[in-house]
């Protein structure tokens, strides 16, 4: 079995997706996994064969030796990263199907597809999949509108199925923020001023800037400080840490006073750690997850006044996630496991046979 995804790219969200996917596969699967940096992936799957994910040729060589291809979570069929990236995944999809492989799109988002030719290609290539589980209603609706003739299901992002951790603290306020073109200097300054008001009401708290993507997020605090977009008092109480593992993140969230995420999987893991939370949305998937979890959320493209943002954050301190709501979300997210189980029943030999 070949698992394809954005693995080994030092993105904590994709690491969490891989954790969940591996947990939903039978123990005896012989796995190949595409990865850029093999070290963190091998820590999760020591017996797996690692394939350089940025090499289409290397991936195709492994594809010749497998019988199941799984696109494992995230939004791989999109062209916002690059059109070349989209062509990479579509080529795998077409070649795998031409060779008679079972092809599963697991926990996928569909899009964004900004180019007309991207939409044309994806619409025609999706029919090559054997089964699909979508992670959001908009993706399912688009696939249904295109009348894709493939068994499909939809549930919340698979990371909702990750084991959580009990809450055990009231420590720092944790920011999981990322660079985004939706915020100009004025927008960042507004968030900084809202943070300043929040911290004035929490004089014993510190600020932890937790980078989910090491390369993209790790330098954000320094950049904001250099640009003069953060009040000096905030700089004095701020530190940056890079998210090294999912257990590390869950532990940090469980000890936090408040988590303010921009990234989807930071929001999900904060809920699983029973942390108070208030989201900022750069993407509809974040706003949709926040609404599902009853987490207040401000759109970065339409930020309210500083005082409104700060008041919302202050109100969320001490407001813990509803366990019953979380349990319902987790039950709904089990549809991705059911999609994999259906593949097992389709292929009588099982995707974990000796040549997998």
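Every number in this text was worked out from the coordinates using simple rules, so none of it is lab data. Small disclaimer: the values here were computed from a predicted structure and weren't measured. Don't worry about glycine lacking a Cβ; one is built from the backbone with ideal geometry, like all the others, and counts go over all protein chains shown.
Among the residues here, residue 256 qualifies as assigned to a loop (DSSP other than H, G, I, E, B) and either in contact with a helix residue (DSSP H, G or I) (Cβ under 9 Å, 6 or more places away or on another chain) or without any contact (Cβ under 8 Å) to a residue 40 or more places away in the chain (or both). With respect to the conditions (1) under 25 Å from the mean Cα position of the chain (by Cα); (2) closer than 23 Å to residue 307 by Cβ, residue 214 falls short on a single one, namely (2).
Number of residues in the range 315-336 that are touching a helix residue (DSSP H, G or I) at 6+ places or on another chain (Cβ under 7 Å) and in a helix (DSSP H, G or I) equals 5. Taking the range 127-136 as the range and being in contact (Cβ under 8 Å) with a residue 40 or more places away in the chain and either in a helix (DSSP H, G or I) or more than 22 Å from the chain's Cα centre (by Cα) (or both) as the test, only 130 passes. Looking at the range 137-233, the helices (runs of 4 or more DSSP H) lying wholly inside it that each contain 1 or more residues that are without any contact (Cβ under 8 Å) to a residue 24 or more places away in the chain sit at 137-145, 185-200, 220-226.
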